[in-house]
Amino acid sequence: MSAVAPEVATKPLVEVKHLKKWFPIRGGVLSRVVAHVKAVNDVSFAVRKGEVLGLVGESGSGKTTVGRTILRLIEPTEGAISFDGVDITHLPKNQLRAYRRKMQIIFQDPFASLNPRMTVGDIIAEPLVIHNLENSPKARTERVAELLRMVGLNPDHVRRYPHEFSGGQRQRIGIARALAVRPEFIVADEPVSALDVSIQAQVVNLLQDLKEQLGLTILFIAHDLAVVEYISDRVAVMYLGKIMELATSKELYRNPRHPYTEALLSAIPMPDPTLRRERIVLQGDIPSPINPPSGCVFRTRCRYAISECAQVVPELKEVAPGHFKACIRDDIPGLS
């Protein structure tokens, strides 16, 4: 059974099928393509209307590339991307423009993503100008003030510049800019990883409240498993360009089925120091996406790997209702 099939009768807003993004490496006098960075290598999943899908994995696993390829900020190498039932994979720019309003992104670095020469009011109003929304200056000013209030900032600060705000406030400005055009789908690309821990909870709670208030659908990309568990309805675990496991947040954290997920969860700090959890330390570094391992890409670091793992590329298959894993072994104690 395909991992794209929803376990409940909820229509997907975003659907990705066999998505690949390979970046060419050029060399030699003629700059010919000599290899590829296989950043995303055959990924399929769906994001249902009104849900938060968490996408987790180590740095270099391809999470950000997936998010940006869905939005067509970078073009896919292969595969199909559908938004609300419409294939947008190869839409020309003039037709894609209408979907830009429906899909927005919150960037990881709230300072680098804001123009330091523009006031906060101009930054938030820019999407309204680009998409010809709120055409009168008064309506635009009122909308900017409404957005600032929505994200917990003072509307009187519209004439200030990004450097006059803290990191958490700058990220709120980025969220306000993303919400300006009333999108249906948000890619939140590690939105709290650049913030102090004390501020992270505030931003995550804000996103949770906005999701409920505006009926947003969110792809939440992060490497902090505790944050992902808190905000996500379902979670997909990525490793070296592939999805290893996909399940509801509750099920994945309570009953991981893949060895990689098991190792990631073992690294989450326990709030009670008297409790003990086996710490699974993965050997070595994540392999190069230029030349990933044959068969299962995780096999070189997996403590359960067998010889067959080098020959067979595991399919992401359903092992329990709504729970998918990409592993050929069904006999691992505690993971089967």
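Read-outs: derived from the displayed coordinates by stated rules, not from any lab. Quantities reported herein were computed from a predicted structural model and do not represent experimental measurements. Counting neighbours? That spans all protein chains shown, and the Cβs are built from the backbone with ideal geometry, glycine included.
At a 10 angstrom cut-off on C-beta neighbours, averaged per residue, how do the peptides 150-156, 27-33, 260-266 rank from highest to lowest?
On the way: 150-156: 15.9, 27-33: 8.4, 260-266: 20.4.
Per-residue Cβ counts within 10 Å, averaged per peptide and sorted highest first, yield 260-266, 150-156, 27-33.
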Q.
Highest mean first, how do 59-69, 84-94, 112-122, 315-325 rank when packing is the count of other Cβ atoms within 10 Å averaged over residues?
A. 59-69, 315-325, 112-122, 84-94
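Show me the helices of the chain, taken as full DSSP H stretches, that run 15 Å or more along their long axis by Cα and average 0.5 or above in Kyte-Doolittle hydropathy.
Numbers: long enough: 120-130 (16 Å, 1.68); 137-150 (20 Å, -0.67); 167-179 (18 Å, -0.41); 197-214 (26 Å, 0.27).
Once both thresholds are applied, what remains is 120-130.
Please give the contour-minus-distance gain from L96 to A80: 0.36 nm per residue of separation, less the Cα-Cα distance, rounded to one decimal in nm.
Working: separation 16, 0.36 × 16 = 5.76 nm, distance 1.46 nm.
Contour length minus the Cα-Cα distance gives 4.3 nm.
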Q. Using alpha-carbon positions, what is the distance between the centroids of the stretch 39-96 and the stretch 199-228, in Å?
A. 19
Q | Cα-projected label distance for S307 with L73, points at 7 Å along beta-carbon direction, nm | A | 4.6
(Q) Less than 30 Å apart at the alpha-carbon level, and either on another chain or at least 8 residues along: which lysines does that give for K17? (A) K38, K49, K63, K93, K102, K211, K242, K250, K317, K325
Q: Choose one of P191, Q104, L91: the residue whose Cα lies farthest towards the positive end of the charge dipole of the chain (beta-carbon charges +1 Lys, Arg; -1 Asp, Glu; about the Cα centre).
A: L91
Q. Measuring from label point to label point, each 7 Å out along Cα→Cβ, what is the L133 to A201 span in nm?
A. 3.2
Q. Length gain on complete extension for the stretch D109 to R149, per 0.36 nm per residue less the alpha carbon to alpha carbon distance?
A. 12.2 nm
Q.
Looking at the chain as a GNM with Cα springs under 10 Å, which of D196, D224, D42 has the largest mean-square fluctuation?
A. D196
Q | the stretch 149-244, relative contact order [Cα under 8 Å, separation at least 6], % | A | 25
(Q) Could you tell me the center-to-center distance, by alpha carbons, between the stretch 8-29 and the stretch 106-165 in angstrom? (A) 31
